[in-house]
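The structure appears below as structure tokens.
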Amino acid sequence: MTDRDTTASIDALLGRMSWADKLNQLQIVWRRDPEEAAQLARNGIGALFWPPTAEAANELQRVAVEESEHGIPLLIGLDVVHGQFTIFPTPLAQAASFDPAVAELDGRISAAEARSAGVNWTFSPMVDVSRDPRWGRVVEGFGEDAYLTGVFGAAKVRGYQGQSLASPDAILACLKHYTGYGLAEGGRDYNTADLSEHRLRSTYLEPFRVAVAAGAASVMASFNTLNGVPMHANRRLLTDVLKTDWGHEGIVVGDADGVAQLVPHGVATDVADAVRLALGAGLDVEMGGNVVSDSGEPILQPGEVDEARIDDAVRRVLRLKFALGLFDRPYVAAPRAATAATASTRAAARTAAERSTVLLKNDGNLLPLAPGARRVLLTGPYARSTDHLGAWVQHFATPAGSLEDALRELLPDAVELTVADGADFLRPDDGLLAEAVAEAQASDLVIVAVGEPSSLSGEAASRSDIRLPGDQERLLTALADTGVPFVVVLATGRPLDVSAWIDRAPSVLLTWHLGTEAAPAIARTLLGEVNPGGRLPMSFPVRSARCPSTTTTRRPDVRLSAAACWATTGPTSGSWGPPTPAATTRRSISTCPSARSSTSGTGSATRGSSSMRSPSSPRSHRIGSPRATP
């Protein structure tokens, strides 16, 4: 169908739709009960959350197409952040690869798995620049650098949307959270943000601009107020900047109940007033179900909001549905829908995981593991844990294995591997600590796998103290006191305060949360089958109290060229060296002074800096059709 045909079809639909029909297209809701969801589809709602099976999604589409007055198919949304069934490394971990192909591969496989099961809209990627590791949602973004975040955001958009949205393996991407959400005061989720126009334009808006130019189909408004104005009612940024200046032709969706929260924000008298303000400011789709009630009653009447604005919002929604091919093919082939990771998707996820690890220290060249070690102790809460998927995964995700199992599979038969828990993630236990120390004294080498469990990062997971939780610091200190060489494997969703133990740890491998294939990827890295070629996309603070802190100030020893950032490091055969200059990882712990103008102290971060400039973008674009690659 040509653009002219699509426009004519949309005009014809709009001409037949009542005021209530139009407003119904401008909301997305979640209903657990299938009958309630089906009734909303029958009433003509525009979007629903995934049911969650291909068969159930098809049934909702059937009701919408066959039983609603205008037969308009549904947008079906779901948070597919770093995998649907096959879980890739968390976005922050992917950014450590400094290779946007990692993010694009995640997007491609995630889109194929999700679309096969009936999902056609994801609320990802998050392109908030994040500079305070106390904020739990840093795990969902690509770090502290605006350029790196824009490049990875654009890559993720290309991965999700593919060459054509009409393809059966493409879904709508959604840039979130627009904007300033990553600058929440004190690192507290949903908190206010205040910043200058210069910092807003050069840092926090820039990744959105780049990803919009890459063809992102939708943008999500953020919960926060920005300089005193709630983003869900910020006409200057939602309309003037996003739609007029940048030429965004897709939709703007609210966050969950973000429109209704304009009432406690103090700018709306009631929910009806909040809906009026949000739609008038440029929001196209409300998430929460306040625009039209379940019984079909619109909350606003004609004249209470600009009718041309409503028609524009409906046109944007319908255009995306035509672009997805839903009017011709509303259903998916349920018998062929993905339900779990396959051998090929696991291989892709493992490659991504192997690209994302960062070697923070390697004093004495303990890594890769020397063949002479005969008695090896594996200890720490991540020794046996399978908690490697990270934040923002669904209950049906393919689980990860344990580091113990992966090492037993790969270690030579001559190596005697002993496993002791050493510490719980959160609960102190002197008995576990004593057992690990005793086993360490009888070992040639200790691998201590510590970290932050997935539940401590993500949305509503801000932490004022970002040290290792529980007894893990005590475990590291006690192992150091034994004098036995030890290697630290650090799994986390955010940069941590490692000041209490980093100087006593000879070797530290940062593994983040690497997804379904985390365990074999970590084991292969420890044994030298792959290089730990990642770099830090976000600074590690000297102390929790000195957050936020970054390495974005210009200094020669922390700047990399774009070419160096994207250089790849291929696997070696049983050893790591010598790496290429681009892959060389110095001690990548930044002192991150919050009150000084340069990075100094015990080490420096080998990462891309804000001195790398992003390319200019066109003023307008067609959805799903990027004109330039950053």
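The values are calculated or read from the model by the stated rules, or taken from the named source; none is laboratory data. These numbers were taken from a predicted model, which means no experiment stands behind them. With ideal geometry, Cβ positions are generated from the backbone for all residues, glycine too; neighbour counts draw on all protein chains shown. Just the protein is used for accessible areas: all its heavy atoms, side chains included, with ligands, DNA and RNA removed. Shrake-Rupley method; radii C 1.70, N 1.55, O 1.52, S 1.80 Å.
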Give the residues of the range 174-227 that are among the small types (Gly, Ala, Ser) and within 19 Å of VAL81 (Cα to Cα), sorted by residue number. GLY182, ALA211, ALA214, GLY215, ALA216, ALA217, SER218, ALA221, SER222
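From the list VAL291, VAL332, pick out the single residue that is under 26 Å from LEU13 (Cα atoms) and touching a Gly at 6+ places or on another chain (Cβ under 6 Å).
Details: VAL291 fails: touching a Gly at 6+ places or on another chain (Cβ under 6 Å).
Within the list VAL291, VAL332, the selection yields VAL332.
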Which residue is nearest to ARG209 (Cα to Cα), if the candidates are limited to the range 114-145 and must be open to solvent by 10 Å² or more (accessible area, probe 1.4 Å) and part of a helix (DSSP H, G or I)? ARG115
Within the range 343-381, tally of residues that are open to solvent by 70 Å² or more (accessible area, probe 1.4 Å) and under 29 Å from the mean Cα position of the chain (by Cα): 5
Which pairs turn up if I take residues in the range 442-465 that are among the β-branched types (Val, Ile, Thr) and look for partners that are in a strand (DSSP E or B) with beta carbon separation below 6 Å, at least 6 apart in sequence or on another chain? VAL446/LEU377; VAL446/PHE486; ILE447/LEU378; ILE447/VAL487; VAL448/THR379; VAL448/PHE486; VAL448/VAL488
Kindly list the number of the only condition in (1) part of a loop (DSSP other than H, G, I, E, B); (2) touching a Lys or Arg at 6+ places or on another chain (Cβ under 6 Å) that fails for LYS361. (1)
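Go through the range 412-423 and give me each residue that's open to solvent by less than 50 Å² (accessible area, probe 1.4 Å) and touching a helix residue (DSSP H, G or I) at 6+ places or on another chain (Cβ under 8 Å).
Listed by number, the residues that qualify are LEU417, THR418, VAL419, ALA420, GLY422, ALA423.
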Top-ranked residue in the range 234-252 [being acidic (Asp, Glu) and not in a loop (DSSP other than H, G, I, E, B); ranked as farthest from GLY46 (Cα to Cα)]: ASP245
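Determine whether THR477 is open to solvent by 40 Å² or more (accessible area, probe 1.4 Å), among the β-branched types (Val, Ile, Thr) and in contact (Cβ under 8 Å) with a residue 24 or more places away in the chain. Give the derivation first.
Numbers: open to solvent by 40 Å² or more (accessible area, probe 1.4 Å): yes; among the β-branched types (Val, Ile, Thr): yes; in contact (Cβ under 8 Å) with a residue 24 or more places away in the chain: yes.
Here the answer is yes, as THR477 does meet what is asked.
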Total residues in the range 228-247, condition in contact (Cβ under 8 Å) with a residue 40 or more places away in the chain and of a type outside the set (D, E, K, R): 10
With respect to THR398, determine if the residue is more than 30 Å from ALA341 (Cα to Cα) and either in a strand (DSSP E or B) or open to solvent by less than 20 Å² (accessible area, probe 1.4 Å) (or both). no
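Please state which one of ARG319, ARG315, ARG276 is out of contact with any helix residue (DSSP H, G or I) (no Cβ under 7 Å at 6 or more places or on another chain) and open to solvent by 70 Å² or more (accessible area, probe 1.4 Å).
Working: ARG319 fails: out of contact with any helix residue (DSSP H, G or I) (no Cβ under 7 Å at 6 or more places or on another chain); ARG315 fails: out of contact with any helix residue (DSSP H, G or I) (no Cβ under 7 Å at 6 or more places or on another chain).
Just one listed residue meets the conditions, ARG276.
Could you list, in sequence order, all residues of the range 411-449 that are outside any loop (DSSP other than H, G, I, E, B), within 12 Å of VAL376 (Cβ to Cβ) and not charged (D, E, K, R)?
Our first condition is that a residue be outside any loop (DSSP other than H, G, I, E, B); within the range 411-449, this holds for 416-420, 430-441, 445-449.
From the residues that got through so far, the ones that are within 12 Å of VAL376 (Cβ to Cβ) too are 416-420, 439-440, 445-448.
Those that are outside any loop (DSSP other than H, G, I, E, B), within 12 Å of VAL376 (Cβ to Cβ) and not charged (D, E, K, R): LEU417, THR418, VAL419, ALA420, ALA440, LEU445, VAL446, ILE447, VAL448.
Considering ASP294, ASP328, which residue is in a loop (DSSP other than H, G, I, E, B), under 24 Å from ARG115 (Cβ atoms) and open to solvent by 50 Å² or more (accessible area, probe 1.4 Å)?
Numbers: ASP294 fails: under 24 Å from ARG115 (Cβ atoms).
On inspection, the qualifying residue turns out to be ASP328.
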What do you reckon, is GLY250 touching a strand residue (DSSP E or B) at 6+ places or on another chain (Cβ under 6 Å), crowded, with 17+ Cβ neighbours inside 10 Å and without any contact (Cβ under 8 Å) to a residue 40 or more places away in the chain? no
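Does ASP189 satisfy being farther than 18 Å from HIS248 by Cα, surrounded by fewer than 16 Cβ atoms within 10 Å (Cβ to Cβ) and out of contact with any His (no Cβ under 7 Å at 6 or more places or on another chain)? Working first, answer last.
Numbers: farther than 18 Å from HIS248 by Cα: yes; surrounded by fewer than 16 Cβ atoms within 10 Å (Cβ to Cβ): no; out of contact with any His (no Cβ under 7 Å at 6 or more places or on another chain): yes.
Taking the combined requirement at face value, the residue does not satisfy it.
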Index of the failed condition, SER222 passing every other in (1) farther than 24 Å from LEU318 by Cβ; (2) free of Cβ contacts under 8 Å to residues at least 40 places away in the same chain; (3) surrounded by 24 or more Cβ atoms within 10 Å (Cβ to Cβ); (4) in contact with an Asp or Glu (Cβ under 8 Å, 6 or more places away or on another chain): (2)
Hey, any hits in the range 382-405 for a residue that's in contact with a strand residue (DSSP E or B) (Cβ under 8 Å, 6 or more places away or on another chain) and under 17 Å from VAL484 (Cβ atoms)? yes
Kindly list the number of the only condition in (1) free of Cβ contacts under 8 Å to residues at least 40 places away in the same chain; (2) open to solvent by less than 30 Å² (accessible area, probe 1.4 Å); (3) more than 30 Å from PHE322 (Cα to Cα) that fails for LEU205. (3)
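One line per residue, one yes/no per condition, for (1) on the phi > 0 side of the Ramachandran plot; (2) open to solvent by 20 Å² or more (accessible area, probe 1.4 Å); (3) at pLDDT 95 or above; (4) touching a Ser or Thr at 6+ places or on another chain (Cβ under 7 Å):
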residue	(1), (2), (3), (4)
GLY451	yes, no, yes, yes
SER462	no, yes, no, no
PRO485	no, yes, yes, no
LEU496	no, no, yes, no
SER507	no, no, yes, no
TRP512	yes, no, yes, yes
THR516	no, no, yes, yes
ARG524	no, yes, yes, no
Note down all Cβ pairs under 9 Å where the first residue falls in the range 157-183 and is assigned to a loop (DSSP other than H, G, I, E, B), the second is open to solvent by 40 Å² or more (accessible area, probe 1.4 Å) and among the basic types (Lys, Arg), and they're at least six residues apart or on different chains. GLY162/ARG108; ALA166/ARG329; PRO168/ARG329; ASP169/ARG108; ALA173/ARG158
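Of the residues LEU262, LEU320, which single one is under 28 Å from the mean Cα position of the chain (by Cα) and within 23 Å of LEU14 (Cα to Cα)? Walk me through it before giving the result.
On the way: LEU262 fails: within 23 Å of LEU14 (Cα to Cα).
None of the other options fit; the residue is LEU320.
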